[in-house]
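Below: one structure, written as structure tokens.
The values are calculated or read from the model by the stated rules, or taken from the named source; none is laboratory data. Keep in mind the model is a prediction, meaning the values are calculated, not measured. Neighbour counts run over all protein chains shown; Cβ positions are idealised from the backbone, glycine included.
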Amino acid sequence: MHRDDPHHRARESCRRSRRPPVQPDPLQALAADAELFERGTWVRAGPGTTRPSPEDPSPIEHTCGMLMLQSGDPVTDKGVIVRLTLRAGAAASAALLAVAALAGCGSSSRDSPAAVGSDGKCTSPATLKTNLVPLYPLVKIGNDAGIFQKHCLVVQDTPAQSPVAAIPAIVGGSQDLTLLPAANLISTLNQKVPLKIVAPGAKIPDDADSLPPAKVDAAGVFLPKGSTIKSPKELEGKSVAVPGLGTSIQFGVMAAVANAGGDPSKIKFVQLDSQTEVQQLRAGKVDAAAIATPFSTQVEKDGYTRIASPTTALYGAGLAHTPWVTSQKALSAKPDAFKRFREAILEVQAYSMAHPDEYYQAMADQSKIPLDAIKAGPGFWFATQMDVNALKAFANKLKSLGIVTQVPELDNVIATS
């Protein structure tokens, strides 16, 4: 191989280095990398990094003892990518199990059950920590309405950059709960990470097919003006912008094409941030763009044609698609707290649906999205129970789409206590 090749230079730099590689804290590293993993940028698989020199135009990250992927490579359920560059053989491969390994070294403390006096009043509440994206203000609602207090709970939320970014914190024990899309749950379970469903969360409404798509789905697949595309099937071989690779929105585009009889493997996905997606759509530089709220609301208002609704296409009407999850270790350590949480969060979600204006205001406060934009966007629905058979059917759908390579064992994924 030529010495000017960037891969050659990276290996030589690793070989000549006299200093031992920096050993990052695994939880911090995984938390930082999870967001990049979701966006399809790169995956950390070992310590130490050697980057190209400033004059090196190569977009490839060079590593010592890491498993890397190039930006734009699709993510599979193994955290491995279609176009994969392996730098450190078995050492890097073994590091793919880092997330699963953290399941055995977390810091979840033993349960301190909530204490209730003889008069039925809470004297010492149990504490749980959640890690949620700001678009889910359920902890704020539960605290403001006094529902968690009624169930002798203190629930504290720390904002998460994305659902996938919350997984390392949950597995590592620094956080207890998150709302995780079912597609990401299935992928994570396939990596042998022991997650458990504590309670149902968001769902697609049972009557989704009879409602305006923009009121059901927080995202839409839109066409440039003047496009001749009439069906999602025609997105085969076309460029489709998505805000993140390995996300439910990308999977939803694949499902929409497959549902229409097309081959989703032929889609040419382009990863762009949401604002750039809109710009490229308006300029006609992509054949379609899968755009999330609140940008989707404005695009639809401006007259761009919605060719598909990715969330609905992926999950289908009625599925509880974003459940509350925790780690097996945390559930075993704090059974009383999680039992109380399940009872409380079902009440919080029912309260939210009965008081939509309060929910929308809390969402606006947390996300900093204008209230008018939130109200103009999709509605929200929460499930009251989890159906393991529906979850199995969904996992098989992911396999048929090529998103996962196997269906994990799901019979015991729902916590029963």
- Query: Is there a residue being at pLDDT 80 or above, touching a Cys at 6+ places or on another chain (Cβ under 8 Å) and either under 19 Å from Tyr351 (Cβ atoms) or not small (Gly, Ala, Ser) (or both) anywhere in segment 158-167?
  - Reply: no
- Scan segment 382-400 for residues that are touching a Pro at 6+ places or on another chain (Cβ under 9 Å) and surrounded by 18 or more Cβ atoms within 10 Å (Cβ to Cβ) and report the count. 5
- What residue, among those in segment 101-150 that are among the polar types (S, T, N, Q) and under 20 Å from the mean Cα position of the chain (by Cα), is modelled with the highest pLDDT? Thr130
- Among the residues of segment 342-361, is there at least one that is modelled with pLDDT under 95, small (Gly, Ala, Ser) and assigned to a helix (DSSP H, G or I)? no
- Report whether or not Thr384 is more than 22 Å from Ile204 (Cβ to Cβ) and outside any helix (DSSP H, G or I). no
- Message: Condition first: surrounded by fewer than 23 Cβ atoms within 10 Å (Cβ to Cβ) and hydrophobic (A, V, I, L, M, F, W, C). Now tell me which residues in segment 183-194 satisfy that.
- Response: Leu189, Val193
- Query: When you scan segment 236-277, how many residues do you find that are in contact with a Ser or Thr (Cβ under 7 Å, 6 or more places away or on another chain) and among the charged types (D, E, K, R)?
  - Reply: 1
- Members of segment 220-243 found to be within 21 Å of Gly316 (Cα to Cα) and either among the hydroxyl-bearing types (Ser, Thr, Tyr) or touching a Gly at 6+ places or on another chain (Cβ under 7 Å) (or both), listed by number: Ser231, Pro232, Lys233, Leu235
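Scanning segment 169-188 for residues that are in contact with a Phe, Trp or Tyr (Cβ under 9 Å, 6 or more places away or on another chain) and of a type in the set (Val, Ile, Thr), which turns out nearest to Ala218 (Cα to Cα)?
Taking segment 169-188 first, the residues in contact with a Phe, Trp or Tyr (Cβ under 9 Å, 6 or more places away or on another chain) are 176-183, 186.
Next, only the ones that are of a type in the set (Val, Ile, Thr) stay: 178, 186.
Values: Thr178: 19, Ile186: 21 Å.
Only one residue fits best here, namely Thr178.
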- Which residues, counting only those in segment 146-161, are in contact (Cβ under 8 Å) with a residue 60 or more places away in the chain and crowded, with 17+ Cβ neighbours inside 10 Å? Ile147, Phe148, His151, Cys152, Leu153, Val155
- Item | In segment 206-234, the residues that are in a helix (DSSP H, G or I) and either more than 30 Å from Asp387 (Cβ to Cβ) or touching a Cys at 6+ places or on another chain (Cβ under 9 Å) (or both) | Glu234
- Within segment 262-278, work out how many residues are within 25 Å of Pro212 (Cα to Cα) and either within 19 Å of the chain's Cα centre (by Cα) or free of Cβ contacts under 8 Å to residues at least 12 places away in the same chain (or both). 1
- Val164 being surrounded by 23 or more Cβ atoms within 10 Å (Cβ to Cβ), under 19 Å from Pro335 (Cα atoms) and hydrophobic (A, V, I, L, M, F, W, C): no
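Let's see how each residue does on (1) among the polar types (S, T, N, Q); (2) touching a Leu at 6+ places or on another chain (Cβ under 9 Å); (3) under 16 Å from Thr305 (Cα atoms):
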position	(1), (2), (3)
Ala219	no, no, yes
Phe222	no, yes, yes
Pro232	no, no, yes
Leu245	no, no, no
Val253	no, yes, yes
Pro264	no, yes, no
Leu281	no, yes, yes
- For segment 290-320, enumerate the residues that are buried (at least 19 other Cβ atoms within 10 Å of the Cβ) and either more than 26 Å from Pro370 (Cβ to Cβ) or among the small types (Gly, Ala, Ser) (or both). Ala290, Ala292, Ser296, Ile307, Ala308, Ser309, Ala313, Leu314, Tyr315, Leu319, Ala320
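Taking the conditions exactly as written (part of a helix (DSSP H, G or I), outside the structural domain of Gln275 (by TED's automatic domain parsing), buried (at least 16 other Cβ atoms within 10 Å of the Cβ) and out of contact with any Lys or Arg (no Cβ under 8 Å at 6 or more places or on another chain)), does Lys339 satisfy them or not? Steps first, please.
Numbers: part of a helix (DSSP H, G or I): yes; outside the structural domain of Gln275 (by TED's automatic domain parsing): yes; buried (at least 16 other Cβ atoms within 10 Å of the Cβ): yes; out of contact with any Lys or Arg (no Cβ under 8 Å at 6 or more places or on another chain): yes.
Taking the combined requirement at face value, the residue satisfies it.
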- In the list Gly244, Gly237, which residue meets the criterion of being part of a loop (DSSP other than H, G, I, E, B) and surrounded by fewer than 20 Cβ atoms within 10 Å (Cβ to Cβ)? Gly237
- Message: Can you confirm whether Gly303 is touching a strand residue (DSSP E or B) at 6+ places or on another chain (Cβ under 9 Å), touching a residue at least 60 places away in the same chain (Cβ under 8 Å) and part of a loop (DSSP other than H, G, I, E, B)?
- Response: no
